[in-house]
Every structure is written in structure tokens, then in C-alpha cells.
Amino acid sequence: MKLQGKYNRATISAAIFVLILGSISYYFILQYILIKEVDDSLMVEEQEIVDHIKTHNTLPEETNYHDQQIHFFPASKPVSRKFLSTYLKDEVEKEFTNSRQLIFPVAVSGRHYMAVVTKSEEETNDMLMLIAALTAGVILLLFFLLFFVNRMLFKKIWKPFYATLAAMKQFNLSNPGRIVLGKSEIDEFNDLNKTVNEMTSKVAKDYESLKTFADNASHEMQTPLAVINSKLDLIIQDQELAEKNMQHLQGIYDAVNKLTRMNQSLLLIAKIENHQFHDERQLRLDSLLNERLQYFEEMIQSKQLKVSAALNKCEVRMNPVLADILLNNLLANAIRHNIPAGKIEIESSGNYLAISNNSGTELLDEKIIFDRFQKSPGSEGLGIGLAIVKQICDFYGFHVAYAFRKQMHAFKVSF
């Protein structure tokens, strides 16, 4: 969820809760005030009746108006004074309405009466509904104003943040330029921009240093390794060399070759990580697979492997060198780690490439199989081939996965 959505949800939820609670409280308080006003009006009528009896020593005439009625009923003893809310039928309108009553005792010539003054609450209720409607309208208007003001204010306040975020997304290590960030009225965003500038400058400097080191180290290592190889070739060709010394030199020769291949592989990974392969073309991987199979024909025949290929059109856009390396490593892995007279199954389609091989009956650890220097026991490889495959797939956004099914190890690249 975006920050704006989360902020709006929190503020609007809080506003709704407060407004609903406030509206309910406001309604009951207003109702209490209006009822109190009606009660005051009833007490005025009570006082007028009492004054009339004191003056004339007779009961005033009963009234039966639309909004007010006064009745007297004989009583054996004085009744208790009280207010009542009731629901009575209006004889004039012929309908039931909410009413408020005041019951109190009066006495005329020693005889006790119960006086009942009834006042309709219809006007009070109408006023209450009108005020409630107006209040609800104001609350809704306030709610929408709060929503839109928050939305506009949020966009204005957070505009520098999104500008910084967009600039960071455009930052590219392969072509690092200084991020240009504007000034903001908010101190926190200025601190963020300052930190981002310092961080990107340091990252670009460290990246350039690492890239230079990798290039120089690889270049400097190639020369002594080539010299060692050439000298070993000359020594091994010496006819007077003893058999024991020959075995030692062959071991050194193999170790140097392995070191050379490792140096080239690690340099390749570094170049991929540093985005140094820019040339991209639309390639037919099914055609390239056929060419690679011819290249590995001798290795396939030496292990008496049976290859079955179902190659359908498979086009991807990538660097030709990396495409060649990807296919080489997958095929070399399937051949090198296969059993004698084993099988290799190759399948390609519009959006995937899969290569399976026989090499044991146990599931490999798919969590570490693509890590560097991970290899099966007894393997003479470097354990970097599948790591390079994973690096190439990550570079182009492909997905490479390992599975073990039908006694075969399968590697599938989805484009």
C-alpha cells in the first residue's frame, strides 16, 4: 500500500470515528435541551393554573388544542408531581404523536384533583430533525473537504520525496551521473537529498574502484599465467625429463589451467554484474542450441550419451556472447555431470528452455545449487558454471529453476 493511501485511511478512519461519536453525542444533548425547553413551557402552564385557582378558587377551563391539552381528574388524595414522555393520539389530526406531560396535584375547596398538562413534541422533533439534517450535511461537507484537502496537501508536501525517488530510480551504476535534487521547504527532505547525494557519490566511486581493480587484476593475472603455461609446455616436451618429474609438472600444468579458467569465469561474472555487455540482438536460441550440440558432439559420443531434442522457435533479446555462454554452460553441465550411456533431453518453446540429464538418483539442494563454487563430490569442474547461468538470467530478468523428476535433473530457463 502506498504511503498516501495508508495516511488517508488512517486520517479518514479517525475522522469518521470522531464525527460519528460526536454526532451521536450532539443528537442526544440537543434532544435533552429541547425536552428541557418543553418542560419549562409545561411548568409555565402549571404556574398559571395554580395562580388561577388561588385567584378564583375554581379550576380553569380544560383545553384541547392541537399542540397542547389541559385536563383535570378528581383524586382521592394528592398525586405526586412528575414529567412523562408518552405517545398519544391527536384528536384533531387523528394521528399519534410524541408528547410530553406534566402531572401535578391541585386542590379546590378542599377537593383534590390531578392536573395533566400535555404538550406535543411534534415541532420539537421537527426542529431536532432539521438541526440533525443540517449537522449531517455540514459533517459530510467537512468530510469531503478534509479528504480533498488532505489529498492535495499530501501531494504538495510529498512532491520533493517523489522527485528524489524518481531520480534514484534513474541512477545507473554503468553510467553514474550526479543526481540533481532540488531544494525543499521541509528540512527532513533536504536531509534526505543530502544523504542520497553522498550515498550515490560514494557508491559510484566504490563501483568505479572495484571495476578498475577487477579489470587490472584480471589483466595482470593473465600475463603470468600465460608465461607459466608456455614454460610448462616447453618443460613437458623435454625428452630427458624423468617420469616422476613429469607427473609433478602435469599436476602443476592442470592447476594453472584451472586457475586460468577460474580467473576468466570470475572476470565474466564481474563484467555481468557491472553491466558491461550492452550489445543486444534478437536471437533464435533453438538455432544456437543446434550449433552448440554440434560443438559438443565429440564429448557426447565419448560418453555414449543419447540426446533427444524438441526444439521449437524460441526468440529472446540478449547479448550474443552471453547467449552463447548461457547455452554452453547448461549443455556442458548436462554432459559433464551425466552418467555413461545416459540421456539428455532438450526442449525449447516461445517462452522457455529446458535441459535435463541423468546424474545420480538424489535431489540436489536447490537453495545452493546456483551459488559459486558449489559442485558435486568428485567433480573436476570449478563450480561456477551454474552461478554464471544464474547471473545472466538475473541480468536479463529471466527465471532459472532446478527440479528433479523421473530420475532426471532438469534446469529450466523461463523468458
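Each reported figure results from applying straightforward, stated rules to the coordinates on display, with no laboratory input. Since we're looking at a predicted model, the values are computed, not measured. Neighbour counts run over all protein chains shown; Cβ positions are idealised from the backbone, glycine included.
Taking neighbour Cβ counts within 10 Å as the exposure measure, how do Phe189, Phe28 sort from fewest upward?
Starting with the residue having the fewest Cβ neighbours, the order is Phe28, Phe189.
At a threshold of 8 angstrom on Cα-Cα distance, excluding pairs fewer than six apart, so keeping six or more, what relative contact order does segment 148-210 reach in percent?
Numbers: 24 pairs, mean separation 18.8, N = 63.
Computed over segment 148-210, the figure is 30 percent.
List Leu327, Leu140 from most exposed to least, where exposure is judged by having the fewest other Cβ atoms within 10 Å.
Ascending Cβ contact count within 10 Å gives the list Leu140, Leu327.
Between rounded, prolate and oblate, where does segment 281-414 land on the alpha carbon gyration tensor, with a ≥ b ≥ c its root eigenvalues, rounded for a/c under 1.5, else prolate if a/b exceeds b/c?
oblate
Which links in Lys211/Lys390; Lys231/Lys412; Lys205/Lys231; Lys77/Lys119; Lys155/Lys194; Lys211/Lys303 stretch past 32 Å when you go from one Cα to the other?
Lys231/Lys412; Lys205/Lys231; Lys211/Lys303
Express the relative contact order of segment 281-414 as a whole percentage, based on alpha carbon pairs under 8 Å and six or more residues apart in sequence.
Dividing the mean separation by the residue count of segment 281-414 yields 24 percent.
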